[in-house]
Amino acid sequence: MTMLKVSNLHAFYDKSHILQGVNFHVNAGEIVSLLGRNGVGRSTTVKTIMGEVEPKGSIEFKGEEIAGLKPFQIAHRGLGYVPENRDIFPTLTVRQNLILGLKGKEENGRWTIDDMFSMFPNLATRADVPGGVLSGGEQQMLCMCRTLMGDPELIMIDEPTEGLAPKVVEQIAVLLQEIASRGVSILLVEQKLSIALKISQRLYVMGHGKVVYEGTPSSLLEAHDVRAEWLEV
Amino acid sequence: MSEVFIFATLNGLVTGLLLFMLASGLTLIFSMMGVLNFAHASFYMLGAYFAYTISGVIGFWGGLLFAPLIVGAIGAIVERYGLRRVHASGHVAELVFTFGLAFLIEELVQFFWGRDTKNYQSPEIFDFALFSLFGQEFSAYRGFMIFIAIAIFAGLYVVLTRSRVGIIIQAAISHPNTVANLGHNVPFIFMCVFGTGTALAGIAGVIAGPVLTTFPGMATVLGSIVFIIVVIGGLGSLPGALIASLLVGLLQSYAIASDVGMPELLTLLGISFDRNHPLNDLWTLNLPQIAPVLPYLLLVLVLIFKPTGLMGNREE
């Protein structure tokens, strides 16, 4: 079953034509990566899907057109988004940050605060400290956990490993696999190939505002020309 | 002397807490939406007028209940169909909008209720002295005003810092997009905050109307002073608004109650002056005369030494 289907998606920042007809899809339970160099439109793609940037084209989620809906309406349909800048609420405690992720008053989704704390004992020990004092890696964990508290069926994660130590990147890879094992589809937006090649079932490479390659991790490893032209610096 | 001090303190507390009822709503709206609502004191005036009319039909308590609800609903409508549309044009447009709204409300009040002072009275149940000190009575109604103001502060503080709604509001202040991405309807939250802020101003109007008289200029009287309080306390800070309200209330009250003047000060400094000098009026000024200017002076001092306000933490 297709969870997310993006067809001929265009987006503009003022007069700049950023997305120039993006096409891709994510199936239920899949981890799909959206790769590409800086400035090719990866982040704009997820922001447009989430309703932060005005879309032109079609975005179907669980068979329903969501293009044009407001971000909170899209979130309520089951789409989660972890932004690139993490956006932890610095004055709120770790626990309050997690509570904020809940869409209703109760924890009635597939994730609870206790789940998060058992997966990340670091967050448990710092449950009552302000989110702003956490390390970069802990903030990234908290940001993902906060989105999961809203019980999304598909989660879009923008550059989760950016600026993090290799050990933390490993932890994030484990978390992403744990998320997928509970039936949540993942759209992973990455510049680097490290965890994308390891955990994705399929991947797309973007260039100049559109998808230029579609394949699997193993096929991309063999496609030297694609990597050289669109990924390697 | 202690008698004067105690009553000046009590009066200062009452004035300060009344100012806080207004400032709390204004600072809440500013911290959440970045809107300096020039019409805030006009909602306070509407509260007093609605309470005057409602209390004439179903009594004071009906006015206390329904007038703030009506004012809050009007505030929410203003946000939804006015401010939200103007917001896209920037803060200057918002300021001009709220400025115009203040004039509009004043004109409407005069149109519907007339220009004369209304005979809006506190309920008879409070027609007794709460206590007497040095032969002076402190009315029960003033005690009631203190109670309501403290209850508002405590209620707001608990809701903003302990409840889920408060957490969402706090987060939406700094990260509206992220809060929206988590599934919260930020424009609706903004509308509710604006409605609540104006309802709080309405409560202040209901409570203050009988004491400070209900007339079409009542918004102008308190309008500027409330802005001063919010800036002194630190834009967006609720505890700051409380401290600044009390500071301004007490400062004015002590100044009015004191009999110190420039002559005493100059004598103390060993400076003599000629009573026939053209600036004699300046040299004979006393503290009660300059009491209304003191909050503005305090504002200037705070802006010089702590531009973010007493409890403000915004650097921009």
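Things to note:
- Debye-formula intensities of the stretch A:1-57, expressed as log10 I(q)/I(0) at q = 0.17, 0.25, 0.27, 0.29 Å⁻¹, are -0.54, -1.08, -1.20, -1.31 (one equal scatterer per alpha-carbon, no solvent).
- Calculated mean residue ellipticity at 222 nm for chain B: -23500 deg cm²/dmol, from DSSP H runs with n ≥ 4 weighted as -39500 (n - 2.57), summed, divided by the residue count and rounded to 500.
- Residues of the stretch A:69-89 whose accessible area, computed with a 1.4 Å probe over protein heavy atoms, drops by at least 40 Å² once all protein chains are present relative to their chain alone are A:72, A:87, A:89.
- Mean per-residue shielding of peptide B:169-179 is 5, counting Cβ atoms of other chains within 10 Å of each Cβ.
- For the stretch B:58-160, the set of chymotrypsin sites (Phe, Trp or Tyr not before Pro) satisfying both a DSSP loop assignment and a count of at most 15 other C-beta atoms within 10 Å is given as B:128, B:134.
- For residue A:34, residues with placed amide H under 5 Å, excluding near neighbours: A:188, A:189, A:190, A:204
- The Cα-based radius of gyration of the stretch B:2-220, divided by its Kirkwood radius, gives an Rg/Rh of 1.01.
- Shielding of peptide B:181-193 by partners, expressed as the average count of other chain Cβ atoms within 10 Å per residue Cβ, is 6.
- Under 5 Å, built H, 5+ apart or other chain: amide partners of residue A:27: A:3
- In Hz, Karplus ³J(HN,Hα) per residue of the stretch B:17-24 (6.51, -1.76, 1.60; θ = phi - 60°; x = Gly, Pro): 5, 5, 4, 5, 4, 6, 5, 4
- Hull-based mean projected area of the stretch A:75-233, where the convex hull spans the alpha carbons, in square nanometres: 9.8
- Scalar couplings 3J(HN,Hα) for the stretch A:207-222, obtained by applying the Karplus form with A = 6.51, B = -1.76, C = 1.60 to θ = phi - 60°, are x, 6, x, 8, 6, 10, 7, 10, x, 10, x, 5, 5, 5, 4, 7 Hz; x denotes Gly and Pro.
- Relative contact order for chain A, counting Cα pairs under 8 Å that sit 6 or more residues apart, in percent: 28
- For the stretch B:67-77, the Karplus equation 6.51 cos²θ - 1.76 cosθ + 1.60, evaluated at θ = phi - 60°, returns couplings of 4, x, 5, 5, 4, x, 5, 4, x, 4, 5 Hz by residue, with Gly and Pro reported as x.
- Charge tally around residue A:230: other residues with Cβ under 15 Å, Lys/Arg +1 each, Asp/Glu -1 each, net -1.
- Beta-bridge orientation, the protein assembly as shown: approximately 60 percent antiparallel, per DSSP, counting only bridges with both partners inside.
- Low-density loop positions, GluC sites (Glu not before Pro), the stretch A:113-205 - DSSP coil, at most 15 other Cβ in 10 Å: A:162
- Hull-based mean projected area of the stretch B:171-303, where the convex hull spans the alpha carbons, in square nanometres: 12.0
- Over 28 Å (Cα to Cα) - which of A:56/A:198; A:15/A:70; A:103/A:198; A:105/A:210 fall in this group: A:56/A:198; A:103/A:198; A:105/A:210
- Between residue B:139 and B:130, the built amide H atoms are under 5 Å apart, and every one of these is 5 or more places off in sequence or on another chain.
- Where Rh is the Kirkwood radius over Cα pairs, Rg/Rh for the stretch B:219-286: 1.19
- Centre separation in Å (Cα based) which lies between the stretch B:75-131 and the stretch A:161-191: 53
- Contact order relative to length of the stretch B:2-220, as percent, for alpha carbon pairs under 8 angstrom and 6 or more apart: 43
The values are calculated or read from the model by the stated rules, or taken from the named source; none is laboratory data. No experiment lies behind these values; they were computed from the predicted model shown. Virtual Cβ from ideal backbone geometry, glycine too; neighbours counted across all protein chains shown. The accessibility values were calculated without ligands, DNA or RNA, using every heavy atom of the protein model including side chains. Shrake-Rupley method; radii C 1.70, N 1.55, O 1.52, S 1.80 Å.
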